[in-house]
Amino acid sequence: MKAGDAVLTSAGRLPFKAIIHIAALEWYWRATEKAVANGVRNALELAQQQGFSSIAFPALGSGTGGMSVDRSLHLMEQSVIQAATPLDVLLVEFKPVRKQK
């Protein structure tokens, strides 16, 4: 897979039709704007080809990719708008909740 590619796999035991994996990181495990934008576009196309009605994305390239969550979500939102997809799209920001001691 090259940066920006998207591939479909089984969802296993998860209650979803499939999982679409996106290569959002370039060399040295760093996210780029191009890889995130192309990954979103390619995942949307793949989901439409499969006849899905919705898709959810985490903040691509954040975390180990080094991109801020805000930047990632902004790029992803712009990519979804440009794609003019008929899919219902959910962008997910992960916020861990600390356990009380």
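The values are calculated or read from the model by the stated rules, or taken from the named source; none is laboratory data. This structure is a prediction, so every number in the text was calculated from the model and none was measured. Please note: Cβ atoms are built from the backbone with ideal geometry, for glycine as well, and neighbour counts cover all protein chains shown. Quick note on the areas: whole protein, heavy atoms, side chains included, nothing else; ligands and nucleic acids left out. Shrake-Rupley method; radii C 1.70, N 1.55, O 1.52, S 1.80 Å.
Any idea which of G12, L46, A35 is furthest toward the positive side of the dipole for the chain, if Lys and Arg beta-carbons carry +1 and Asp and Glu beta-carbons -1? It is G12, whose Cα lies furthest towards the positive end. Rolling a 1.4 Å probe across the protein heavy atoms gives the chain an accessible surface of 72 Å² per residue.
Roughly how many whole Å is it from the C-alpha centroid of region 25-64 to that of region 74-99? Result: 10 Å between the Cα centres. For region 1-82, chymotrypsin sites (Phe, Trp or Tyr not before Pro) meeting the loop criterion (DSSP other than H, G, I, E, B) and having at most 16 other Cβ atoms within 10 Å: F16.
Legend: calculated FRET efficiency, I19 to Q100, from the Cβ-Cβ distance at R0 = 30 Å, rounded to 0.05, equals 0.40. Mean residue ellipticity, 222 nm, helices only, the chain: the sum of -39500 (n - 2.57) across DSSP H runs of n ≥ 4, divided by residue count and rounded to 500, is -10500 deg cm²/dmol. Within the accessible area of the chain, the carbon and sulfur atoms contribute 54%, probe 1.4 Å, all protein chains present. The residues R98, R41, sorted by heavy-atom accessible surface at 1.4 Å with ligands and nucleic acids left out, run R98, R41 from largest to smallest.
Between (i) 16, 47, 30, 7, 1; (ii) 15, 45, 27, 12, 0; (iii) 18, 51, 22, 6, 3, 0, which entry matches P(r) over Cα pairs in 10 Å bins from 0, in percent as derived from the coordinates of this structure? Read-out taken from this structure: (i). The share of alpha-carbon pairs in region 1-54 lying farther apart than 15 Å comes to 48%.
In debye to the nearest 20, how big a dipole does the chain give about its Cα centre with +1 on each Lys and Arg Cβ and -1 on each Asp and Glu Cβ?
In debye, rounded to 20, the chain gives about 520.
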